[in-house]
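Trainee: Dropping the structure in here first, questions after.
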Amino acid sequence: MNNKLYPFERNRYYPGKMLTSADFQAEQDYHVNKTRFMNSLFYGAGIVCGLGVFSLDDLSVLVESGVAIDGTGREIVVDNSVVKKLSAIEGFDSLTGNVATLCVRFKEDPVHSVYSVSHKDSEKEYEFNRIAEGYELFLVDRKAHRDYELETEFLMRETVFKSENYHAEVVMPAVASKGRNIRFTLEVKKLSDEDVRFSSRGILEIPGFATADGASEMEIGAEDLRLTKGAVWHRDYWITAQDTPITETNVILKSGSMTAFENDAAMTAVQSFTVKLRLTEDSPLEIVNNEIGRMNLEMRSIGGEKNAILLADIQITKTDSSYLIDSIEDAGVRRNIASPAQELLRNHYIEYFDKDVELTAPRAYERHSSSSRGTVREGDGMPEIATGVLEIPLGRNARLGDVRYSGEIAHGLGKGNVYVEVGYEYITEDRSLGGNAKSTVYGNPELFATQTDDMINVETAVRVLNDKGSFVVAARLLRNVDFLVLTFRWVAIKFPAGNDLELIEDYYDKSITAETPTVTMGTKESHYFGVRFNNMKACSITYELTAPGSGEISADGIYTAPGKEGVYEIHIYCTDMPVICTYAYAIVKRREHMDEIADASKAEAALDAESRME
């Protein structure tokens with residue numbers, strides 16, 4: 001069967017054209033293939049809805065109704081739930097293992113036999129008048145029908161250990177978004193049938209990133225794994241890409257830090273590696289969309305068409321004459337398609353999960369009463385502001401000197417010291433606007449009394465209830481009025497206080513230190529100078545050499561020694577706070593001199609040991 005849907009060719013109609021069955025078939029193929037082509041690009045292969053698999057008894061399974069799309073874009077519709085004995089499903093007799101994968105695929109059958117009017121003696125007397133699109137279920141051995149995963153440049157893999165029994169590697173994205181979280185994964189796969197325990201431990205140096213504790217290195221490892229052949233174990237590590245000016249950084253397996261054990265016996269692990277990652281201002285979504293958009297049609301078709309949709313793995317116990325269904329598992333087998341029709345529901349559910357935000361204590365806001373109609377504005381490092389409208393009823397016989405009070409109004413800024421100001425709000429006729437205009441007077445309204453007759457002379461006072469997050473307004477009439485209600489505009493302001501006030505930086509107990517203040521290294525060798533943050537959050541770091549000819553230092557702290565011996569100084573400081581700084585030193589010697597020093601140290605240690613024994 002040829003599953004290639006393109007290039008597309010459609011009928012061209014012209015006067016007098018004689019149409020044959022081939023022309024009508026071409027007409028159908030054009031529209032059908034166009035739909036399937038777009039299905040495969042927009043949705044891919046997977047389950048749109050339904051198609052759950054359940055065990056009814058020890059011998060039978062239930063497959064729910066549902067819809068799937070295969071690799072060539074064909075819609076597979078199971079219109080009604082179906083019950084099948086496992087032994088009656090195609091492929092059961094060919095199973096060789098105890099775990100089978102239940103699959104569904106597209107199937108079409110000719111139906112509706114009719115008499116062929118124009119048939120000849122040598123041709124069929126009857127033809128099928130329709131093609132019914134349907135499906136069929138079948139079984140294969142587990143992993144015999146897994147999809148081919150296309151390798152792209154989005155993920156990078158570096159091996160940290162490999163033997164006849166285990167293969168361990170670090171998996172990481174090639175691009176990170178500045179200021180956002182990124183995941184590294186340690187992946188361990190079992191290669192043999194041998195019953196071997198595996199443990200490993202190593203240190204990744206991550207300049208340009210920070211762990212949750214603000215460190216620039218992290219420990220990775222696995223403890224006492226005992227896997228079966230083909231099984232894969234994962235451990236995830238989340239770090240944050242620093243928001244720095246640099247556009248590239250390196251991830252380094254610290255030299256000599258990787259250790260591995262099989263059944264407690266030490267094994268040879270990878271000594272070191274360096275991987276270059278790109279840092280970008282693009283969001284994670286933009287990074288992913290750019291990567292996916294690079295795949296051309298040839299790349300998409302590398303793995304062949306996926307014409308079978310995997311539904312579930314079924315664990316079976318076989319006997320000489322029968323079988324039993326032990327369990328059904330669809331996790332890791334079933335692949336669902338994200339349907340655009342469910343986007344609103346999906347967004348609602350996804351709000352319960354957000355890994356890419358800084359966790360803070362939830363903050364509660366009081367609801368405004370109907371009389372205040374307030375709104376709240378917040379901003380990072382800015383005062384919080386709330387505003388609204390309140391009304392004070394006067395009654396029918398309010399006179400000069402009378403005092404009236406508003407109800408208790410919640411300003412919505414929470415408890416604490418809040419400043420509240422109120423102004424008298426009134427409406428006047430404005431000829432320049434050709435209608436009425438609303439005005440608000442804060443302070444003493446008597447100063448504007450000569451400009452309008454619509455203003456009421458009134459003085460106000462505000463009582464702020466700090467421990468309740470609310471306030472009450474009092475108004476005293478300065479002349480007799482006929483109004484029944486006075487309307488005021490209120491504004492509440494809450495400034496940061498105490499430890500929240502960050503207008504002046506306090507450097508007293510903040511400092512940085514080099515993780516390795518002094519290092520001895522050979523000429524032209526490289527070393528990463530990591531930084532520890534003391535009593536402060538991780539920030540952008542700048543490295544610079546204090547003297548010319550001292551070698552080279554990258555923006556992310558990787559120092560490369562010059563070709564001559566000497567002691568070289570590296571100045572390390574916070575980019576935005578240069579007063580917070582430290583120094584590191586590289587003692588550079590030629591390799592032969594370092595070997596002589598190492599041999600002399602060993603000899604001295606041996607003499608000390610002998611003297612202690614005597």
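Trainee: Please arrange Ile456, Ile570 by how many other C-beta atoms lie within 10 Å of their C-beta, fewest to most.
Mentor: Lowest count first: Ile456, Ile570.
Trainee: Under 27 Å Cα to Cα from Lys468, which lysines show up? Leave out anything in the same chain fewer than 8 places away.
Mentor: Partners within reach: Lys415, Lys494.
Trainee: I would also like to ask the following. Place a point 7 Å from the Cα of Met156 along the Cα-to-Cβ direction; which residues of the stretch 241-278 have their backbone N under 17 Å from it?
Mentor: 241-242, 246-255, 271-278
Trainee: Right, next: Looking at the stretch 57-139, which chymotrypsin sites (Phe, Trp or Tyr not before Pro) are DSSP coil and have at most 15 other C-beta atoms within 10 Å of their C-beta?
Mentor: none
Trainee: Could you give me the ³J(HN,Hα) list for the stretch 509-523, computed from phi with Karplus coefficients 6.51, -1.76, 1.60 and θ = phi - 60°, whole Hz, x at Gly and Pro?
Mentor: Couplings: 10, 9, 7, 10, 9, 6, 4, 10, x, 9, 9, 9, 8, x, 5 Hz.
Trainee: Enumerate the lysines that Lys107 could reach by cross-link, defined here as Cα to Cα under 16 Å, with residues fewer than 8 away along the same chain left out.
Mentor: Lys306
Trainee: Hey, which of these cross-link pairs are over 27 Å Cα-Cα: Lys190/Lys254; Lys85/Lys189; Lys189/Lys254?
Mentor: Lys85/Lys189
Trainee: Subtract the Cα-Cα distance of Thr546 and Phe37 from 0.36 nm times their separation in residues, and report this length gain in nm to one decimal.
Mentor: 177.0 nm
Trainee: Enumerate the amide H contacts of Ala555 below 5 Å, restricted to partners 5 or more residues apart or on another chain; note that Pro and chain-start residues carry no placed amide H.
Mentor: Here nothing satisfies the definition.
Trainee: Got a sec to turn the phi values of the stretch 92-103 into Karplus ³J(HN,Hα) couplings, 6.51 cos²θ - 1.76 cosθ + 1.60 with θ = phi - 60°, whole Hz, x for Gly and Pro?
Mentor: Each residue of the stretch 92-103 in turn: 4, 5, 9, 5, 10, x, 9, 10, 10, 9, 8, 10 Hz.
Trainee: Same structure, new question: Arrange the following residues from fewest to most other Cβ atoms within 10 Å of their Cβ: Leu324, Leu277.
Mentor: Lowest count first: Leu324, Leu277.
Trainee: A further question follows. Between the stretch 176-205 and the stretch 83-102, what's the alpha-carbon centroid distance in Å?
Mentor: About 35 Å separates the Cα centre of the stretch 176-205 from the one of the stretch 83-102.
Trainee: Among the listed pairs Lys229/Lys276; Lys276/Lys537; Lys34/Lys84, which are separated by more than 28 Å between their Cα atoms?
Mentor: Those over the limit are Lys229/Lys276; Lys34/Lys84.
Trainee: Also, quick follow-up: Taking other Cβ within 10 Å of each residue's Cβ, how do Thr249, Thr460, Thr274, Thr542 sort, fewest first?
Mentor: Placing the least packed residue first, the sequence is Thr274, Thr542, Thr460, Thr249.
A short reminder: the numbers here are calculations on the coordinates, not readings from a lab. In this text the structure is predicted, and so the values were computed from the model without any measurement. Because the Cβ atoms are built from the backbone with ideal geometry, glycine has one as well, and the counts that use them run over all protein chains shown.
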